[in-house]
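Structure first, then comments.
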Amino acid sequence: MTFKLNIITVSLLAMSGSVVAANFGVGNANTESVNMDKYQCKRCVSATGYTGSVTLLTGYNSPEDAHAGNALSSDEEGVIAAISGDVRYLNDTGYKASMQAHQLGMDNGFANIKVGKSGLYELELDYQAIKTFEAGDVRSQLWQNDGMLTPSVYPNQFDLALQRENSAIGFSFGEGVYNTFVRFSQEEKTGHQSASFVAPSPTNFGLPVDSTTKQLDAGASLAGDNWLTELNYFGSYYSNNIDDLSLPYMNDVYSAAPDNQAHQLSISGQYQLDRTVMSGRLVTGRMIQDDSLIQVSGNPLQSWDGQIDTFDGRFAVTSMLNNRLRVGASVDHSKRDNKSSSWEFTQYSYNSLSGAFKQNVPQDIERSTYKLNASYRLASGYRVQAGFDRKEIDRSYSEREQTDENNLWAKLNISALDNVNINVKASHGVRGGSEYEVNELTSSEDNALMRKYYLADRTRNAVELKLNHSLLSWVSIDLTGRYAIDDYNATTIGLTESQDYGYDLNISVQLSKDISAYGFAGQQWIDSTQAGSQSFSSPDWQANIQDEFINLGTGISYSGLMEDKLTLGGDYLFSNSISDTYLDGSAVTNSALQYGDYFAYNHSVNMYANYALSPKMALKLSYQYERYYDTDGAQMGINTVPGLTTLGELNHDYNAHQVMLSFSYLLR
Amino acid sequence: MICRIFNKVLIGIAALACISLSVNATPWDKLTGDQLEQQLTEKFTQGQYSPKGADSCLMCHRKNEAVMAIFDGAHGAMNNKQSPMAGLQCEACHGPLGKHNKGGKEPMIAFGDDSKLSASAQNSVCQGCHNDPKQMAWHTSTHNLEEIACADCHNVHSAKDPALDQLMVNDTCTSCHLKEKADMNKRSSHPLKWDQMTCVDCHSPHGSMNESALNKPTINDTCYSCHAEKRGPLLWEHAPVTENCVTCHNPHGSVNEDMLNSRAPQLCQQCHAPDGHASRVVQEPGVDAFGGGKSCLNCHNKIHGSNHPSGSLFQR
């Protein structure tokens with residue numbers, strides 16, 4: 001009887017196979033015949049105890065320029081040392097712990113510790129340091145102390161670099177059906193960044209950075225067989241330890257970023273009804289900033305009541321109508337309601353207090369996005385997708401208070417051919433909106449022919465082709481080519497056209513069990529055209545900006561040498577970023593027409609040898625070389641131009657080296 | 001005695017056949033994806049699970065390192081009741097054994113590049129257990145609509161899942177996202193190429209209810225999570241900054257410094273053409289305060305907004 005039933009079931013399934021999608025979830029398994037008491041798993045391998053490795057690194061660092069610290073994780077000249085590790089622990093009762101560390105002791109590194117019981121609870125501790133270097137040994141005549149920038153004949157020397165140190169603790173608890181979590185993190189950001197003030201002539205200086213951002217997140221979720229729901233809170237608290245900056249002869253020439261906080265409460269859910277899935281979310285938020293205002297004549301407030309209420313809502317549905325056709329739709333609504341008060345404040349003119357008053361304009365922004373999409377399987381391995389997206393944006397106090405963008409797109413996916421996947425995508429988008437007006441509160445002084453590019457009418461057409469070809473079982477090729485053109489057809493002054501096109505090619509080769517190699521090449525061009533009017537009438541100058549990027553790389557790894565003890569490998573990367581600006585028009589008197597050089601290139605070489613000293617110990621010797629050169633025609637000497645003080649020429653030209661020897665102890 | 005030796009030889013041949021089948025062509029290679037899915041669905045419904053669980057599978061597959069690596073990760077843990085290895089073991093994911101071990105002619109549910117099984121069928125295995133808030137937006141996500149399989153990014157037969165490790169996740173993403181891989185190497189970009197930041201710091205690969213599968217409700221909220229000093233609200237707002245950070249910046253990287261789409265003064269002049277200095281053509285960089293140093297930002301340095309009562313022109 002059972003046999004007959006099975007035959008009937010199978011026959012029904014065979015008939016309905018084209019309608020019902022396979023669902024191999026373990027919850028649907030037919031386990032009638034299973035008797036787990038007979039399971040022994042003698043051949044299973046127990047992973048209890050400690051596994052992983054601990055690695056000590058030491059080496060010699062020769063950055064030549066602080067900027068090399070980005071690639072070498074340290075700008076220190078000389079001997080460097082660090083510790084890395086990846087250790088896991090598991091016991092018989094399911095308690096587990098893991099610890100991952102990467103280059104602890106260097107400027108860039110992280111550590112993460114997790115302890116808990118599988119599937120029940122987990123405590124996580126996390127630390128990450130990121131340091132980004134812009135330029136080293138920058139000099140300024142200004143010394144900052146307690147909000148006062150004091151000029152001195154002795155130059156203040158510092159690095160333009162920002163160090164972030166983030167520490168976090170998190171705890172999660174739950175058993176599948178319900179889950180909860182709470183996480184607190186604190187990030188300290190310190191260093192200097194390039195800035196400038198006007199007093200009354202412009203002076204570039206190193207803005208000291210010292211701030212703390214605290215983040216508190218918590219949430220709870222519930223899950224059923226065909227539904228999910230989640231409630232979350234996200235809170236962020238920013239505190240700046242640097243005051244407003246003054247000069248001995250002029251107060252508050254540079255206002256500090258004010259302390260602020262933001263809160264968001266989110267509830268989201270998903271419901272699955274057969275082959276239709278619906279999901280939705282509501283987020284309500286508030287951003288608050290009521291830091292003390294600088295006290296100057298004409299300021300009526302001690303502190304401003306900056307407050308923005310936000311609301312974000314979304315509903316999306318997708319449904320497999322049959323095995324060939326999927327349709328989907330979504331609606332998003334986002335509102336930024338600026339509740340801050342509006343007052344009149346005295347403004348400065350170019351070089352002195354003019355006495356003119358100006359009112360701050362708290363801007364509201366509201367966005368709605370509607371999307372429709374469909375995917376249809378034409379035949380096995382042939383699929384076509386199409387969709388229509390519409391975005392509407394309303395903004396107050398703007399030259400154009402309403403814009404809308406309609407975008408139609410289509411894709412063709414072909415996977416039916418042997419070893420080749422082809423994807424073609426094309427889209428056509430048109431942006432329009434309300435009448436473009438010169439608004440009194442924003443830019444009444446602008447040329448009436450100006451159309452700001454983020455508000456202007458625009459037609460955007462784009463095509464993209466992606467190929468993936470497994471030439472042989474051991475060679476894989478990926479090729480992407482793309483072209484996009486933005487036409488700002490109603491713009492006479494401003495950005496009028498932009499083209500973005502390029503390709504990326506990637507080849508991966510598995511030459512043998514032990515030898516793998518890769519190579520990639522890519523280029524991108526972005527050509528933009530804009531017009532301006534020096535005479536405040538029709539266009540009398542044009543700028544053609546031609547950006548170009550080249551990216552090449554290759555690498556090889558050869559393992560299994562010396563009876564599986566030695567692995568050799570190397571990677572090479574070249575990239576070149578170029579931006580050329582060409583000027584033309586009756587207002588242009590310079591015969592050169594072309595701007596000065598603006599490019600940056602680098603060669604990166606990394607070579608390594610891994611040697612297994614024993615089943616428990618390994619050595620790695622690596623060498624990294626960085627050749628970096630950049631130039632910017634706008635960079636100039638500290639006092640090259642009367643009335644402008646710069647931080648000097650901060651271009652880079654260096655060869656950096658790093659040799660590292662690491663010793664790893666394998667715990668199992 | 002002769003029978004015993006004969007039996008051992010037979011078992012040896014069978015074992016070798018199993019091992020070779022696991023790496024070479026299989027009898028079900030000739031099936032189309034639809035036929036394979038139908039056959040596996042029938043097997044799944046019949047539910048002919050092996051009598052001994054994983055031992056039945058490992059009799060043939062234990063010499064395959066990739067197979068045995070399951071025990072290094074969470075999915076191979078036997079002491080976690082939520083782990084497949086604590087339940088139906090290998091068959092929890094690969095489906096009932098059926099007659100697969102009798103001549104190796106019956107397919108099992110397989111994952112990854114070489115599997116002909118549709119992504120949705122493969123993913124149904126994972127989703128059978130992973131029904132948690134991280135998957136909340138999966139069904140409407142681009143990755144789902146593009147029929148990306150979980151196994152295209154994740155590897156559960158491993159101590160380290162390449163999609164969950166900070167040092168590997170960027171490589172996982174950029175194995176498909178070639179343009180973004182190139183962008184990391186531009187003159188200015190977020191520090192992704194050194195794995196100090198990762199793609200998942202901003203994006204949710206499983207989809208999200210936000211634009212571009214971002215982790216935060218808006219683009220600006222995403223930026224503020226690391227750049228909280230720009231969040232404000234500020235007394236004097238710069239409208240395009242408030243509206244959308246990517247009006248001026250490309251967070252994936254740019255040939256210009258500060259990830260700017262263009263450089264000052266031209267970038268500023270794409271929006272500002274007053275009857276005054278901002279309209280003038282800057283003919284050469286590095287010769288005056290308009291085209292030298294920080295260009296427009298020499299004076300209008302608080303370009304992201306100012307909280308100075310007299311900062312309406314972003315000079316203070």
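The values are calculated or read from the model by the stated rules, or taken from the named source; none is laboratory data. No experiment lies behind these values; they were computed from the predicted model shown. Reconstructed Cβ throughout: ideal geometry from the backbone, glycine too, with neighbour counts over all protein chains shown.
Couple of notes before you dig in:
- Of the helices (runs of 4 or more DSSP H) contained entirely in segment B:212-294, those carrying at least 3 residues that are more than 7 Å from chain A (Cβ to nearest Cβ) fall at B:219-224.
- Candidate set from segment A:169-178 (those that are within 13 Å of another protein chain (Cβ to nearest Cβ) and farther than 17 Å from residue B:128 by Cα); member that is nearest to the chain's Cα centre (by Cα): A:172
- Scan segment A:460-476 for residues that are modelled with pLDDT of 95 or more and aliphatic (A, V, I, L, M) and the total you get is 4.
- Comparison of B:304, B:277 shows that the only residue that is at pLDDT 90 or above, over 13 Å from residue A:201 (Cα atoms), surrounded by fewer than 23 Cβ atoms within 10 Å (Cβ to Cβ) and not aliphatic (A, V, I, L, M) is B:304.
Yes/no per residue for (1) without any contact (Cβ under 8 Å) to a residue 24 or more places away in the chain; (2) of a type in the set (S, T, N, Q); (3) closer than 19 Å to residue A:499 by Cα:
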site	(1), (2), (3)
A:513	no, no, no
A:536	no, no, no
A:542	no, yes, yes
A:558	no, no, no
A:578	no, no, yes
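- Criterion (within 15 Å of the chain's Cα centre (by Cα), on the phi < 0 side of the Ramachandran plot and more than 9 Å from every other protein chain (Cβ to nearest Cβ)) met by exactly one of B:137, B:163: B:163
- Top-ranked residue of segment A:291-311 - restricted to ones that are more than 8 Å from chain B (Cβ to nearest Cβ) and part of a strand (DSSP E or B), ranked as farthest from residue B:309 (Cα to Cα): A:311
Yes or no, residue by residue, for (1) assigned by TED's automatic domain parsing to the domain that holds residue B:155; (2) under 28 Å from the mean Cα position of the chain (by Cα); (3) over 26 Å from residue A:88 (Cα atoms):
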{"site": "B:41", "(1), (2), (3)": "no, no, yes"}
{"site": "B:44", "(1), (2), (3)": "no, no, yes"}
{"site": "B:55", "(1), (2), (3)": "no, no, no"}
{"site": "B:60", "(1), (2), (3)": "no, no, yes"}
{"site": "B:68", "(1), (2), (3)": "no, yes, no"}
{"site": "B:73", "(1), (2), (3)": "no, yes, no"}
{"site": "B:78", "(1), (2), (3)": "no, yes, no"}
{"site": "B:83", "(1), (2), (3)": "no, yes, no"}
{"site": "B:99", "(1), (2), (3)": "no, no, yes"}
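- For residue A:533: the one exception among (1) facing chain B (nearest Cβ under 8 Å); (2) closer than 30 Å to residue B:252 by Cβ; (3) crowded, with 18+ Cβ neighbours inside 10 Å: (2)
- If you check A:57, A:142 for being closer than 30 Å to residue A:196 by Cα and away from every other protein chain (no Cβ under 11 Å), only one passes: A:142.
- Residue in segment B:189-199 that is at the interface with chain A (Cβ under 9 Å from one of its Cβ atoms), part of a strand (DSSP E or B) and at negative phi present: no
- Identity of the residue in segment B:166-178, closer than 14 Å to residue A:551 by Cβ and surrounded by 18 or more Cβ atoms within 10 Å (Cβ to Cβ), that ends up farthest from the chain's Cα centre (by Cα): B:178
- Those strands (runs of 3 or more DSSP E) of segment A:320-435 in which at least 1 residues are closer than 30 Å to residue B:146 by Cα and outside the structural domain of residue A:280 (by the TED database), considering only elements entirely within it, cover A:365-379, A:382-395, A:402-414, A:420-433.
- Odd one out for residue A:582 among (1) assigned by the TED database to the domain that holds residue A:516; (2) surrounded by 19 or more Cβ atoms within 10 Å (Cβ to Cβ); (3) out of contact with any Lys or Arg (no Cβ under 8 Å at 6 or more places or on another chain): (2)
- Pairs, first closer than 11 Å to residue A:54 by Cα in segment A:654-668, second among the aromatic types (Phe, Trp, Tyr), C-beta under 6 Å, six or more apart: A:667/A:50
- Looking only at segment A:292-319, and only at residues there that are crowded, with 19+ Cβ neighbours inside 10 Å and closer than 20 Å to residue A:337 by Cα, the one that is farthest from the chain's Cα centre (by Cα): A:304
- Considering only residues in segment B:47-74 that are more than 7 Å from chain A (Cβ to nearest Cβ) and surrounded by 22 or more Cβ atoms within 10 Å (Cβ to Cβ), the one that is farthest from residue A:47 (Cα to Cα) turns out to be B:50.
- Strands (runs of 3 or more DSSP E) contained entirely in segment A:136-244, each with at least 3 residues that are out of contact with any strand residue (DSSP E or B) (no Cβ under 9 Å at 6 or more places or on another chain): none
- Taken together, B:112, B:95 contain a single residue that is of a type in the set (Gly, Ala, Ser), on the phi > 0 side of the Ramachandran plot and facing chain A (nearest Cβ under 8 Å), which is B:95.
- Set A:495, A:505: member being touching a strand residue (DSSP E or B) at 6+ places or on another chain (Cβ under 7 Å) and farther than 30 Å from residue A:590 by Cα: A:505
- Look at segment A:29-46: where a residue is on the phi > 0 side of the Ramachandran plot and a partner is small (Gly, Ala, Ser) and outside any helix (DSSP H, G or I), sitting 6+ places away or on another chain with Cβ atoms under 8 Å, you get A:41/B:53.
- Total residues in segment B:34-58, condition in a helix (DSSP H, G or I) and more than 17 Å from residue B:107 (Cα to Cα): 1
- Counted residues, segment A:525-579 - those being within 30 Å of residue A:484 (Cα to Cα) and among the small types (Gly, Ala, Ser): 10
- Residue A:501 being free of Cβ contacts under 8 Å to residues at least 24 places away in the same chain, surrounded by fewer than 19 Cβ atoms within 10 Å (Cβ to Cβ), more than 9 Å from chain B (Cβ to nearest Cβ) and closer than 23 Å to residue B:188 by Cα: no
- Pairs with Cβ under 8 Å, 6+ apart, first in segment A:250-270 and without any contact (Cβ under 8 Å) to a residue 24 or more places away in the chain, second buried (at least 21 other Cβ atoms within 10 Å of the Cβ) and of a type in the set (A, V, I, L, M): A:256/A:245
- Residue match in segment A:269-290 (condition: closer than 21 Å to residue A:145 by Cβ and not in a strand (DSSP E or B)): no
- Selection within segment A:358-372: residues that are more than 8 Å from every other protein chain (Cβ to nearest Cβ) and among the polar types (S, T, N, Q). The member of this set that is surrounded by the fewest Cβ atoms within 10 Å (Cβ to Cβ) is A:359.
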